[in-house]
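This report refers to the structure that appears directly beneath it.
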Amino acid sequence: MEKIPDITSDTLDKLRKLDINSVYQLAIQSPSELALEINDVYFDVESAARLIGNTRKILIENKILSKEFSTGDDLLEKRNKISRYSTGSSHFDAFLNGGFETQSITEIAGEFGSGKSQICHTLCAAAITLMKNDGLDANDNGCSTQRAPESIIFIDTENTFRADRVYQIAEQKNLDPKDILKRIYHCNVYSSEQLELLINDLPKSIEQYNTRLVIVDSIISLHRAEFSGRGTLAERQQRLGKMLNKLRRYADI
C-alpha cells in the first residue's frame with residue numbers, strides 16, 4: 001500500500017490498525033464508512049474517497065479492475081473472459097448458459113425443501129475442479145510465490161452444510177473428496193450482527209484462503225427472524241442492502 005499516491009505513514013498506520021493491509025481490501029471500502037472508522041478530524045469523507053480512488057487506479061493500471069469509462073469492445077472482451085461454475089446438472093447448466101458466472105452475485109430462491117442447499121453442496125464439489133491447486137502466484141519479479149490452493153468459503157446461517165453430503169457428491173463424480181473438503185472453509189453464523197461483521201471482514205478471509213467462490217446459505221434468514229413486523233422492514237432492507245452492495249464490490253475484484 002506504500003505505493004498508493006499521496007498516502008501518509010500516519011494513514012497507513014491507521015489502516016493497519018483497522019486490519020486493512022492490501023490495495024484489494026482498501027479498494028472496496030466505502031468512503032463514508034472508512035472516514036468514520038478512522039475517526040480523524042483531518043481525514044473526512046472526501047479524503048477517504050480520494051484515497052480509495054487512487055487505490056482503484058492502481059488496480060485499473062494492472063488490469064484487475066475495469067476503467068472508469070470502458071468502450072463496448074473492452075466490455076465484450078471482459079465478458080468473454082468470465083468463467084462459469086457448473087451446477088453439476090447439464091440441464092441446469094444449459095438453463096444458466098453454462099453455469100454460475102464468476103465476478104457476479106447469483107441468488108437462488110425457492111420454497112423450503114426445493115433443493116437450494118443441495119445446489120450449494122453440488123457447487124462445492126463441481127467448482128473445485130475449475131480452481132488451481134498448485135497455490136502458485138507470480139510476484140513483481142516474475143517469480144512464483146507459494147499461496148494456498150484456491151478455495152471456497154461457505155457461510156452457513158441455517159446449519160445446512162453437511163460435509164458427508166459433499167463427500168458423497170465428490171465420489172459420485174469420481175473426484176477426490178478429501179481434497180475438496182480441505183479446500184472448503186465453513187463458518188456457522190448465529191445472528192444478523194455476526195453475519196454483517198463477517199461480510200464486512202470478508203476481503204481478509206478471501207485473501208487469507210485464496211478464495212474464488214463464496215456461498216452464503218442463506219443471506220436473509222437471520223434478518224427475517226430478528227426483524228419481524230412492518231415497523232422493522234425499512235431497517236432490515238437497509239442492512240441487507242449494505243451487505244449485498246459489499247458483496248457486489250468484492251465480486252468485481
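Within the stretch 161-173, does at least one residue satisfy the condition of being within 23 Å of Thr102 (Cα to Cα), of a type outside the set (Gly, Ala, Ser) and under 16 Å from the mean Cα position of the chain (by Cα)?
Within the stretch 161-173 (the criterion being within 23 Å of Thr102 (Cα to Cα), of a type outside the set (Gly, Ala, Ser) and under 16 Å from the mean Cα position of the chain (by Cα)), the answer is no, since none of the residues qualifies.
Can you find a residue that is assigned by TED's automatic domain parsing to the domain that holds Ser221, modelled with pLDDT of 90 or more and part of a helix (DSSP H, G or I) anywhere in the stretch 137-157?
no
Among the residues of the stretch 50-86, write down those that are surrounded by 11 or more Cβ atoms within 10 Å (Cβ to Cβ), charged (D, E, K, R) and not in a helix (DSSP H, G or I).
Lys67, Arg84
Would you please list the contacts, defined by Cβ atoms under 7 Å and residues six or more apart or on different chains, that run from a residue in the stretch 86-99 that is farther than 11 Å from Leu123 by Cα to a residue that is at pLDDT 85 or above?
Asp93/Gly99; Gly98/Arg84
This table checks each residue for (1) modelled with pLDDT under 90; (2) surrounded by 12 or more Cβ atoms within 10 Å (Cβ to Cβ); (3) assigned by TED's automatic domain parsing to the domain that holds Thr157.
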residue: Ile215; (1), (2), (3): no, yes, yes
residue: Ser218; (1), (2), (3): yes, yes, yes
residue: Arg224; (1), (2), (3): yes, yes, yes
residue: Gly229; (1), (2), (3): yes, no, yes
residue: Leu233; (1), (2), (3): yes, no, yes
residue: Arg236; (1), (2), (3): yes, yes, yes
residue: Lys246; (1), (2), (3): yes, yes, yes
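If the requirement is being of a type in the set (S, T, N, Q) and at pLDDT 85 or above, which of these qualifies: Asn62, Asn21, Asn54, Asn39?
The match here is Asn54.
Tell me the helices (runs of 4 or more DSSP H) entirely within the stretch 175-253 that contain at least 1 residues that are free of Cβ contacts under 8 Å to residues at least 60 places away in the same chain and more than 20 Å from the chain's Cα centre (by Cα).
177-182, 221-226, 233-252
The values are calculated or read from the model by the stated rules, or taken from the named source; none is laboratory data. The shown structure was predicted, so the numbers you read here are calculated from the model rather than taken from an experiment. Cβ: placed from backbone, ideal geometry, glycine included. Neighbour counts: every protein chain shown.
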